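The values are calculated or read from the model by the stated rules, or taken from the named source; none is laboratory data. This structure is a prediction, so every number in the text was calculated from the model and none was measured. Neighbour counts are summed over all protein chains in view; Cβ atoms, including those assigned to glycine, are modelled from backbone coordinates with ideal geometry. Remember, those area values only see protein heavy atoms, side chains included, never the ligands or the DNA or RNA. Shrake-Rupley method; radii C 1.70, N 1.55, O 1.52, S 1.80 Å.
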Amino acid sequence: MRFLPVGCSLRASTVTCVALLTSISGTVGFTCSPFSPTASSALASSLKEAARSDNTPDVVVISPPGGLGEIASVEAARLGGSVRWFVVSAPSPSGSAASSTLALTSDTLAAIEQAGGSIELAGSDAESLLLGSDDGSSAASAVASWCRGTKSVICTYDGDEEEKRRVDRAKTADDRELGNEVKAIRSGIRVAAREAIGVASSGATKVAMLYSGDEMGGDANKEKKGGLLQGLFGGNAAQIPDTLSDAMKGSINVIRYGELFGAAESSPESSPFIGGPRRDPVVRDMYTMRSIRMDPTISVSGNILSGGSKSNRLAIGAAATRLGLGKISIPSKIGGIDVSLSSFAGTDGPTEEEWNAEFNRVSEMLSSPTGGATLFSADFSSVPSTKRMAEWIATKWAPAILRSYDIAGIRVGARPVYAVQTADDTVELVWQELVDFNSVTSGKMIVQVSENGMTASRGGGDAAAGFGAISMKPLPGEDILVRRLGDAASQAIEKGLAVKPIVTKDKPKAEVVAEPVVVAAVAATSEPVSTDSGPRSAGARRSSERSRGKRRVTSESSEES
């Protein structure tokens, strides 16, 4: 395997750069070496020349080596896009050079060639990206030159743990405890994303592939300023965005995943069989779990799916790629979407029609008045008085639940403290928490009573205190209130506040009685039967008598008689 310089390009089924292509057993592979801190200036100028000569890319993918970044890059090229994949690697110990290897099968190369796609690679270690803009060794300006004019940017952190393990193999046990490569890689990705978005075309699509618990709002996911990274670079560190949302600016499309499985083509784990072919082969989950389901992350089903589900890397990469290439249109009134994707049993991946149907379903949920944050719904045949039922919820049901041990026992963070009727048919359960010794509203549950049902949705808190946005995570004690709302619906029916819905039974289908089949008589082909009487009917006797019972009549007895 030969090492390719930064900016190597794979167009159709050929590699166009000053390097050699290795082809073994139908697999094409090439390696991209990252920026070196001492050679960043020369490589930056070469990337600027390449950016001037080539067309603007359709997609820029920024990620650690392998993982979702590689899958999204290859899938975008397979769909006919011009792709530039920027690889952010961990700072390597002295004498240990990092590299990213991309191996593609002949079938994949043929598909890319047929679709007219292309892949170009470049890379940098996180250390070079985190240098200040006035430092000549910074790689940030090279990223901006290489990504100029892109129509979409796709980012992910997947692969940072594997990259850290690669670097740790070259370290001593003491050095492994001091290293913080994962934080450096993620910071480098955010810096590279900021530079790419700054030079992207107007209206560029922004897509982030994140774990279900990453960057969901609040201060818990924000990096502390300064600290380790500030100390590493002696105060000359670049300004690092706190999240990918801050780095990519504006509305972005977020696809969240649970426990990931599956691997890119360059990984040995991409083989369909675990342990190779056997008499009783074991097929990897990435080939047997290709069915998908998407839900808004803000919804209850989205929280459940993202928290404890499994996600196929192939499906995550395919969804992000279709958003980046504009094959999936998101209504402008929604802005960006935040969805959770889960994988289920099925050997066939989604078709283009199924992808469109799934995204349309999610878009409709996000376009609803609740913004996809519906937590509970119950149907009634009718509600005689919505005002009376809302008053009962606010003054009778809610106070009893809020005084229960499950709710009152929440001692840390926000908790629901009171309920208020804001309209004749609306009740709000308010969450509060202490911020700088002041009680602020951090969220709400809005219960809406209609003439034929009741719904509950999550709402935002006090915008002045920084809680104006609807929380992507469930509020503390929210699951308890959702379960108790089911009891509230039953109690409302018992108290006459609502009428139980009438379940119409399906009429039994009439049994179809099969008509008897009439078989036509077949004409006899034998001779006609005579109607004349036989010899017995004429009084003739048998030629010899037959025995009757056990007694036999001998010829002698017959003569004596």
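Values computed for the structure shown
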item: Ranked packing of 258-264, 332-338, 272-278, 85-91, most packed first, by mean Cβ within 10 Å; result: 85-91, 258-264, 332-338, 272-278
item: Gyration tensor (alpha-carbon) shape descriptor, the stretch 410-499, a/c threshold 1.5; result: prolate
item: Cα-based equivalent ellipsoid of the stretch 299-456: semi-axis lengths in Å, sorted from largest, via gyration tensor; result: 37, 21, 15
item: Net +/- balance of residues flanking Gly326 in space, Cβ distance below 12 Å, scoring K and R +1, D and E -1; result: +2
item: Probe 1.4 Å, accessible area per residue of the stretch 413-456, Å²; result: 48
item: Segments 149-158, 110-119 sorted - mean Cβ within 10 Å per residue, highest first; result: 149-158, 110-119
item: Full-extension gain in nm, Lys333 to Asp487, via 0.36 nm per residue minus C-alpha separation; result: 51.8 nm
item: Kirkwood estimate for the stretch 105-200, i.e. one over the average of 1/r between Cα atoms, Å; result: 15.6
item: Estimated translational D of the stretch 370-427 in µm²/s (Stokes, Kirkwood radius over Cα pairs; 4 °C; 1.567 mPa s); result: 97
item: Accessible area per residue, Å², the stretch 340-384 with all protein chains present, probe 1.4 Å; result: 50
item: Reciprocal of mean inverse Cα separation for the stretch 235-371 (Kirkwood radius, Å); result: 16.7
item: Cα-Cα P(r), the stretch 450-500, percent of pairs per 10 Å interval; result: 20, 38, 27, 13, 1
item: Nitroxide proxy distance, nm - points 7 Å out along Cα→Cβ at Ala173 and Ser141; result: 4.6
item: Members of Lys183/Lys444; Lys164/Lys327; Lys249/Lys444; Lys171/Lys310; Lys333/Lys387; Lys333/Lys396 lying beyond 29 Å, as alpha-carbon distances in this model show; result: Lys183/Lys444; Lys164/Lys327; Lys171/Lys310; Lys333/Lys387; Lys333/Lys396
item: Surrounding net charge for Gly459, when Lys and Arg each add one and Asp and Glu each subtract one, Cβ distance under 15 Å; result: 0
item: Burial order of peptide ranges 433-442, 392-401 (average beta-carbon count within 10 Å, highest first); result: 392-401, 433-442
